[in-house]
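Worksheet for the structure shown next.
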Amino acid sequence: MKSFFKFILKDLAAMLDGEVVGNAQLEVSGCASFGEAAHLDITFADDPRFLNRLDQTRAGAVIVPWDFTGFDRETLTCSLVRSKNPRLHFFRIVERFNPAKKTVPGIAPTATIGKNFAGGKGITIAPGVTIGDNVTLGDHVQLMAGVFVGDNVTMGSYTIVKPNVTIMDKTMIGQGVIIHPGTVIGSDGFGFTPSRGIHEKLIHAGFVQIDDQVEIGACNTIDRGTLGRTWLQSGVKTDNLVHIAHNVVIGENTLIVAQVGIAGSTTLGKNVIVAGKAGISGHLTIGDNAIVGPGAGVVSDVPPGEIVSGVPQMPHKLWLKVGRIIPRLPDIRKRLLALEKRVNSKESTP
Amino acid sequence: MKSFFKFILKDLAAMLDGEVVGNAQLEVSGCASFGEAAHLDITFADDPRFLNRLDQTRAGAVIVPWDFTGFDRETLTCSLVRSKNPRLHFFRIVERFNPAKKTVPGIAPTATIGKNFAGGKGITIAPGVTIGDNVTLGDHVQLMAGVFVGDNVTMGSYTIVKPNVTIMDKTMIGQGVIIHPGTVIGSDGFGFTPSRGIHEKLIHAGFVQIDDQVEIGACNTIDRGTLGRTWLQSGVKTDNLVHIAHNVVIGENTLIVAQVGIAGSTTLGKNVIVAGKAGISGHLTIGDNAIVGPGAGVVSDVPPGEIVSGVPQMPHKLWLKVGRIIPRLPDIRKRLLALEKRVNSKESTP
Amino acid sequence: MKSFFKFILKDLAAMLDGEVVGNAQLEVSGCASFGEAAHLDITFADDPRFLNRLDQTRAGAVIVPWDFTGFDRETLTCSLVRSKNPRLHFFRIVERFNPAKKTVPGIAPTATIGKNFAGGKGITIAPGVTIGDNVTLGDHVQLMAGVFVGDNVTMGSYTIVKPNVTIMDKTMIGQGVIIHPGTVIGSDGFGFTPSRGIHEKLIHAGFVQIDDQVEIGACNTIDRGTLGRTWLQSGVKTDNLVHIAHNVVIGENTLIVAQVGIAGSTTLGKNVIVAGKAGISGHLTIGDNAIVGPGAGVVSDVPPGEIVSGVPQMPHKLWLKVGRIIPRLPDIRKRLLALEKRVNSKESTP
């Protein structure tokens, strides 16, 4: 990746508490993946697939694990930087090469702001933002163009709301939260009751609470509680097009991958991973550290630490076996019918 | 749920045509679910799970079915309100505690409105709304911030369009419709035809018709007809992230749960339920009162009243059996192979 | 479909290089599908289902394949137009009856435009559009209401961006591209790394490249590359609610149907079709001309030209057999158990 910046390898290593092996004076002018790096680029290797072929990268420098010793200083064709977390540290360097644009704080004249607004220091409110009554924003909050914020919403400091996000009334958002474009927070849940032959709408009087350091992908839909709250606890990360229904609770540091749907009143524990396109029924409990496989259909509780896959969900190891057998079903059926025939013919033989 | 309001139980019961058993003068200060209610709250119980443990709620009052008799006046620890529809009536009380904010009608100065606009009494057009030419809005229509309305669109009275919704030209919307944020109505369908080695776009000249009392969830995509209309009949309710393709027809009071996709030219009858994440192929007919289970893949017509599940879809009761057998496939295969071996060995034995 | 327009059949045929059989002077006043056409309408038939029942349409004229001979001039009840591509030509006529509204080029006073903006001839920038710094738009580009365009974005000529679309910084868009409402392009990918017990965000320094003649449906989410690009090559068409993760590459003229999800760093070839709701795992290669069936779960590479379906994916023909056997699993299990019993009982018989 071309860049306007150049850094001396020694300085980059110092920034990471890393240690250079090779030419510490190397002038690094870009960063790239292992396979695409050119000779003035830095890259990283935290996996034997890459560590075993250091001689094949054209990168000028490679960040490697602190305890990596599988190299020969004599024949090394690139410099190394030993690091406690190569992936994380590589992306820290990528940040140095791609510094975030400094936003100029201020409130755009085309923004509309309701009564009793309380904004902290250094907030940025872009053109076309609409804010309701009784809204409180912490320091350095950024609301990008086209964002809607309803009444009685609060946001902690350093929270960033990307363009065209809709945040309905009573939503409580913590610090350092990132909300990607097109997402909707606090829409009414899907709650109706039969009455006189139609589905009568039930009021949704609850709210959404989003704790610190949560990151929400693009075009998510997170419904408010019917009563009480829908709650994403601190450190939760969601990917794109995720649906989270009313009164769902998602525990700390849980990851929800793209196109997952979680039905009403289900509770997920801490450090759970829900892989892409999985669906979880309502009123279930998914324990801490559980993993739900891609496309799984979860219809009953998942105990802590369990890994499940398939439709309906089953232990992941069992699903791997089942997945290998499903394509053999025509063969299994044929063999069963043949066997039946043989047993029948023997019985009819005197 | 804390509230600024207090109501006398007798007055609440009167509002519902209900009947108090116990202290009719009780001062109710909030409403909550059965498990979370505190001693001045009202809650409801319409299910034996709750009706059988009235002694366990801390609620001051519980709304119960009219014909419920399973209590002993002497030992009752809370007041009861007998009701013809406890769930509906409870949420009517929740509305009393959470009155909707009165919007101040008017047209924001930052809204942009095209030629030949006809707006009824008491309409609200929020900041940043853009309206095309020849648009007619009934009385008390509300268009919230960031809504786009194309040319030749009509809306009936009391329809509410939430923020950042996009309604393309020629859409016809009835009365009392609610459209949640981020939804797109009237986008072009996915229609191309091969020509000279590429996919040539076909014009989409049709429109979307949405009848009275329809409610559409957040981030839905409802494509216009290729020719003619895509049609959601009165009382249809859709959840979030639902895709409805060109020329689909959805009958009255049908419910479509989150992340469902319905392909082009399929027709659903009245009072159908399509559960979350189900997919329905194009050019099919789903009969009145049919139910499609969660995640089902519907590839052929479903007769009226039938309940189907699974991929490909099958009768729901059959799917329940199949779902129990799928995890046993490794065992079934093992037993088949063992049996084959035994039969083989017997045959080879003289 | 009623219309303000009338055309002489001879003139329509000439426009298509077609040839009239029957009344070339027929005055055509509308266009409709085969089943819905009335006597002054034109329709088309490119399929034996319709060609075999030309006597059943009420249409005044029918466009048929050039080499179609299955009619008798004497008894023909409508005029025919012989055409090299009946479907494409029919929709060309639909366009004549539904001419696109002429947009008046110009930049709305409520649009916000950053530094170093370069706009071509005849561009249209609607109310409420926000454009960042260093943006270049080709001739006749249209940005509709509520569109957000970040910094350093380029668009080729005749590209149309529909309302409420979000295009983040560094996105490169070609000529003749259409982006439907609510779509998000260039959001950060789902990239985190464990560090001190939490998921630490990795900077997403890459971008999205969209080549000429691409059409993107409503409410898509297309993430930027982590490093390098996410790339939709020329002629790609996506339907609604599609998720395309970081660093995905989609080859020329590939079709992606609604609600598909493609995980990070997967590469699709040219002329691939991915049917609705399919999911494709990360780091895979899908070959040219491959077809992925609806709802398929693709977890390994798909060779060029192969047709796969099912979860996990398998050859489509095998899946058709498997799909017929799955509902018979209860029967298969019963027969296996019965057979086991018979073999057991024979063994125990002396």
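The values are calculated or read from the model by the stated rules, or taken from the named source; none is laboratory data. Model, not experiment: these values are computed from the prediction. For neighbour counting, all protein chains shown are included, and Cβ atoms are generated from backbone atoms with ideal geometry for every residue, glycine included. Protein only, heavy atoms only, side chains kept; ligands, DNA and RNA dropped before computing areas. Shrake-Rupley method; radii C 1.70, N 1.55, O 1.52, S 1.80 Å.
Given the criteria touching a helix residue (DSSP H, G or I) at 6+ places or on another chain (Cβ under 7 Å) and in the same structural domain as C:ALA118 (by TED's automatic domain parsing), does C:SER195 qualify?
Working: touching a helix residue (DSSP H, G or I) at 6+ places or on another chain (Cβ under 7 Å): yes; in the same structural domain as C:ALA118 (by TED's automatic domain parsing): yes.
It is true that C:SER195 is touching a helix residue (DSSP H, G or I) at 6+ places or on another chain (Cβ under 7 Å) and in the same structural domain as C:ALA118 (by TED's automatic domain parsing).
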Filter result for the condition that a residue is of a type in the set (A, V, I, L, M), within 27 Å of A:THR193 (Cβ to Cβ), open to solvent by less than 30 Å² (accessible area, probe 1.4 Å) and in contact with a helix residue (DSSP H, G or I) (Cβ under 8 Å, 6 or more places away or on another chain), over B:VAL298, B:VAL308, B:VAL322: B:VAL308
Residue satisfying condition, being farther than 22 Å from C:VAL260 by Cβ, out of contact with any strand residue (DSSP E or B) (no Cβ under 9 Å at 6 or more places or on another chain) and not small (Gly, Ala, Ser), within set B:ILE203, B:ILE179, B:ILE173, B:ILE160: B:ILE203
Residue selected from segment B:335-347 under the condition within 10 Å of chain A (Cβ to nearest Cβ) and out of contact with any helix residue (DSSP H, G or I) (no Cβ under 7 Å at 6 or more places or on another chain), by the criterion nearest to A:PRO327 (Cα to Cα): B:LEU337
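Being touching a Leu at 6+ places or on another chain (Cβ under 6 Å) and under 19 Å from B:GLN142 (Cα atoms): is that true of B:GLY119 here?
Values: touching a Leu at 6+ places or on another chain (Cβ under 6 Å): yes; under 19 Å from B:GLN142 (Cα atoms): yes.
It is true that B:GLY119 is touching a Leu at 6+ places or on another chain (Cβ under 6 Å) and under 19 Å from B:GLN142 (Cα atoms).
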Among residues of segment C:33-43, those that are buried (at least 19 other Cβ atoms within 10 Å of the Cβ) and part of a loop (DSSP other than H, G, I, E, B), counted: 3
From B:LEU16, B:LEU12, B:LEU40, residue being at pLDDT 95 or above and within 24 Å of B:ASN98 (Cβ to Cβ): B:LEU12
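Within segment B:227-239, track down each residue that is closer than 21 Å to B:GLY174 by Cβ and either open to solvent by 10 Å² or more (accessible area, probe 1.4 Å) or under 17 Å from the mean Cα position of the chain (by Cα) (or both). Spell out the reasoning first.
Here is the first cut: in segment B:227-239, the ones closer than 21 Å to B:GLY174 by Cβ are B:228-239.
Scanning segment B:227-239 gives B:GLY228, B:ARG229, B:TRP231, B:LEU232, B:GLN233, B:SER234, B:GLY235, B:VAL236, B:LYS237, B:THR238, B:ASP239.
Out of everything in segment B:114-133 that is within 14 Å of chain C (Cβ to nearest Cβ) and crowded, with 17+ Cβ neighbours inside 10 Å, what residue ends up being farthest from A:VAL149 (Cα to Cα)? Spell out how you get there, then give the answer.
Applying the first criterion (within 14 Å of chain C (Cβ to nearest Cβ)) to segment B:114-133 yields B:114-116, B:125-133.
From what is left, the residues that are crowded, with 17+ Cβ neighbours inside 10 Å are B:125-132.
Details: B:ILE125: 16, B:ALA126: 13, B:PRO127: 12, B:GLY128: 13, B:VAL129: 15, B:THR130: 18, B:ILE131: 21, B:GLY132: 25 Å.
Among residues in segment B:114-133 that are within 14 Å of chain C (Cβ to nearest Cβ) and crowded, with 17+ Cβ neighbours inside 10 Å, the one farthest from A:VAL149 (Cα to Cα) is B:GLY132.
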The lone exception for B:ASP47 - which of (1) open to solvent by less than 60 Å² (accessible area, probe 1.4 Å); (2) out of contact with any helix residue (DSSP H, G or I) (no Cβ under 7 Å at 6 or more places or on another chain); (3) farther than 21 Å from B:ASN98 by Cα; (4) in contact (Cβ under 8 Å) with a residue 12 or more places away in the chain it fails: (4)
Listing of strands (runs of 3 or more DSSP E) fully contained in segment B:180-223 that carry 3 or more residues being over 18 Å from B:GLY251 (Cβ atoms), free of Cβ contacts under 8 Å to residues at least 40 places away in the same chain and facing another protein chain (nearest Cβ under 7 Å): B:192-195, B:198-201
Condition broken by C:THR285, with the remaining ones in (1) touching an Asp or Glu at 6+ places or on another chain (Cβ under 8 Å); (2) open to solvent by 40 Å² or more (accessible area, probe 1.4 Å); (3) within 11 Å of chain A (Cβ to nearest Cβ) satisfied: (3)
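Return yes when A:GLN142 is under 21 Å from the mean Cα position of the chain (by Cα), more than 22 Å from C:GLY128 (Cβ to Cβ), assigned by TED's automatic domain parsing to the domain that holds A:ASN247 and surrounded by fewer than 24 Cβ atoms within 10 Å (Cβ to Cβ) and no when it is not. First the steps, then the outcome.
Details: under 21 Å from the mean Cα position of the chain (by Cα): yes; more than 22 Å from C:GLY128 (Cβ to Cβ): no; assigned by TED's automatic domain parsing to the domain that holds A:ASN247: yes; surrounded by fewer than 24 Cβ atoms within 10 Å (Cβ to Cβ): yes.
So A:GLN142 fails the test.
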Count - residues of segment C:52-65 that are at pLDDT 95 or above and either under 12 Å from C:GLY18 (Cα atoms) or open to solvent by 40 Å² or more (accessible area, probe 1.4 Å) (or both): 4
Test result for A:ASP46, of a type outside the set (A, V, I, L, M, F, W, C) and not in a loop (DSSP other than H, G, I, E, B): no
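From the list B:ARG328, B:ARG333, B:ARG342, exactly one residue is crowded, with 20+ Cβ neighbours inside 10 Å, free of Cβ contacts under 8 Å to residues at least 24 places away in the same chain and in a helix (DSSP H, G or I). Which is it? If you could, list the steps in order and put the result at the bottom.
Working: B:ARG328 fails: crowded, with 20+ Cβ neighbours inside 10 Å; B:ARG342 fails: crowded, with 20+ Cβ neighbours inside 10 Å.
The conditions single out B:ARG333.
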Count of residues meeting criterion [touching a residue at least 24 places away in the same chain (Cβ under 8 Å) and either crowded, with 22+ Cβ neighbours inside 10 Å or not in a loop (DSSP other than H, G, I, E, B) (or both)] in segment A:145-155: 1
Of all residues in segment B:146-170 being within 10 Å of chain C (Cβ to nearest Cβ) and small (Gly, Ala, Ser), the one that is nearest to C:THR110 (Cα to Cα): B:GLY146
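Pull up segment A:19-32, narrow it to residues that are outside any loop (DSSP other than H, G, I, E, B) and more than 24 Å from A:PRO99 (Cβ to Cβ), then point me to the one that is most open to solvent (accessible area, probe 1.4 Å).
Within segment A:19-32, the first condition is being outside any loop (DSSP other than H, G, I, E, B), and the residues that meet it are A:19-21, A:27-28, A:30-31.
Filter once more, keeping what is more than 24 Å from A:PRO99 (Cβ to Cβ): A:19, A:21.
Numbers: A:GLU19: 82, A:VAL21: 4 Å².
By that ranking, first place goes to A:GLU19.
I want to confirm something. Restricting to segment B:69-113 and keeping residues that are among the basic types (Lys, Arg) and either part of a loop (DSSP other than H, G, I, E, B) or at pLDDT below 90 (or both), which single residue is surrounded by the fewest Cβ atoms within 10 Å (Cβ to Cβ)?
At the first step, the residues of segment B:69-113 found to be among the basic types (Lys, Arg) are B:73, B:82, B:84, B:87, B:92, B:96, B:101-102.
In the following step, the residues that additionally are either part of a loop (DSSP other than H, G, I, E, B) or at pLDDT below 90 (or both) were identified as B:73, B:84, B:101-102.
On the way: B:ARG73: 8, B:LYS84: 13, B:LYS101: 12, B:LYS102: 6.
Filtering first and then ranking leaves B:LYS102.
How many residues, within segment A:25-84, are among the basic types (Lys, Arg) and within 14 Å of chain C (Cβ to nearest Cβ)? Walk me through it before giving the result.
Initially, segment A:25-84 is screened for residues among the basic types (Lys, Arg), giving A:49, A:53, A:58, A:73, A:82, A:84.
Add one more test, that the residue is within 14 Å of chain C (Cβ to nearest Cβ), and what stays is A:49, A:84.
So the count comes out to 2.
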Among the candidates C:ILE256, C:ILE273, residue that is in the same structural domain as C:HIS180 (by TED's automatic domain parsing), at negative phi, at pLDDT 95 or above and buried (at least 24 other Cβ atoms within 10 Å of the Cβ): C:ILE256
